[in-house]
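Below is one structure, written out as structure tokens, with a few remarks after it.
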Amino acid sequence: MGPIVVIVILVAAGYLLVVRPSQRRSRSHAAMQDAVVVGDEVITAGGIHGLVREAEETELRIEIAPEVVVTVDRRAVAAVAVTEDEEPEPEEGEPEEPAEPGNGPDAPEEAVHTESERKSDSAAS
């Protein structure tokens, strides 16, 4: 009876740690693909960047250069491109990434160095 319980616990842990996150990612990716609308800048699975000109149920027409429009399957969209102005806000509970270790607002003044100061310090050594 003991070994069976251990096996069941390992299978359950594997399911919770591997399968569930994979399903969640897959669902969110499919939702992103379904939410693509005309005017979105997208990146296809093949690495082609373009602007959506027409959106149908299963296909998209993407302008990849002036007057060059290609038709791709909606499921070929790997990502919707985000410009610097539209960077998503960090989700609640997600820590913001520091710009550089030791250079945050709470860093001691002597620990704050610019890139040019670091280069000149290393060149002097």
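The numbers here are math on the coordinates, done by the rules we state, and not lab data. Model, not experiment: these values are computed from the prediction. Note that each Cβ is placed from the backbone with ideal geometry, even for glycine, and that neighbours are counted across all protein chains shown.
For region 1-65, the equivalent ellipsoid derived from the Cα gyration tensor has semi-axes of 43, 11, 7 Å, listed largest first.
Among the GluC sites (Glu not before Pro) within region 30-79, those in coil by DSSP and having at most 12 neighbouring Cβ atoms inside 10 Å are E56, E57, E67.
Going by C-beta contacts inside 10 Å, put L60, L17 in order with the fewest on the left.
Numbers: L60 25, L17 10.
Fewest-to-most Cβ neighbours within 10 Å comes out as L17, L60.
The E56 and V82 beta-carbon pair, evaluated with R₀ = 25 Å, returns a calculated FRET efficiency of approximately 0.60.
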